[in-house]
Amino acid sequence: MNKLTIIGNLTRDPDLRTTRDGISVCSFTVAVSRRRKSQNASSPQQETDFFRVTAWRQLGENCSQYLVKGKKVCVIGPVTVSTYQASDGQTRANLEVTAEDIEFISPRIEDSSSAPSESEKAAAQPSGFIEVNEDDLPF
């Protein structure tokens, strides 16, 4: 079974493209931090791995619409590894995840134009509770 689960932050905005057949495909990179104990250092050092993610069809369209650089996501899917020769002569590995499921972890940032109205705020209040203004308190 080849299934990888990663949680990390987008390193750039997603790139949405369309194939010749009209299928949407979205690509982005996720940075995943991990701690590693060093033999010389007393405290663990943080290292970062980068995973290229490809999301197809509706999942890719959703990623393109709702994700931006810096957002935290959880990506689940199979991983493939390919190697290449870098310009400095070193062999490097490229990790690519074909997303089967993506969870948007970062909360949505609401701008002032989409701020909830007073009636929406009142509807969001749990039943049985009434919002009280400080000026209405007797003490």
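The values are calculated or read from the model by the stated rules, or taken from the named source; none is laboratory data. Since we're looking at a predicted model, the values are computed, not measured. Here the Cβ positions follow ideal geometry from the backbone for every residue, glycine too, while neighbour counts run over all protein chains shown. Each accessible area value is taken on the protein alone, full model and side chains, heavy atoms only, with ligands, DNA and RNA left out. Shrake-Rupley method; radii C 1.70, N 1.55, O 1.52, S 1.80 Å.
Here are the numbers for the structure shown:
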quantity: In the range 29-47, residue most open to solvent (accessible area, probe 1.4 Å) [restricted to those that are in contact with an Asp or Glu (Cβ under 7 Å, 6 or more places away or on another chain) and charged (D, E, K, R)]; calculated: Arg36
quantity: Residue within the range 52-62 that is aromatic (Phe, Trp, Tyr) and open to solvent by less than 100 Å² (accessible area, probe 1.4 Å) present; calculated: no
quantity: Matching residues, the range 77-87, being exposed (fewer than 15 other Cβ atoms within 10 Å of the Cβ) and not small (Gly, Ala, Ser); calculated: Pro78, Thr80, Val81, Thr83, Tyr84, Gln85
quantity: Unmet requirement for Asn2, which otherwise passes all of (1) open to solvent by 90 Å² or more (accessible area, probe 1.4 Å); (2) outside any strand (DSSP E or B); (3) touching a strand residue (DSSP E or B) at 6+ places or on another chain (Cβ under 7 Å); calculated: (1)
quantity: Top-ranked residue in the range 29-65 [being aliphatic (A, V, I, L, M) and at pLDDT 80 or above; ranked as farthest from Thr80 (Cα to Cα)]; calculated: Leu59
quantity: Residue that is farthest from Phe28 (Cα to Cα), among those in the range 90-110 that are part of a loop (DSSP other than H, G, I, E, B), in contact with a helix residue (DSSP H, G or I) (Cβ under 9 Å, 6 or more places away or on another chain) and modelled with pLDDT of 85 or more; calculated: Glu100
quantity: Residue selected from the range 64-75 under the condition under 14 Å from Gly8 (Cβ atoms) and out of contact with any Leu (no Cβ under 7 Å at 6 or more places or on another chain), by the criterion least open to solvent (accessible area, probe 1.4 Å); calculated: Val75
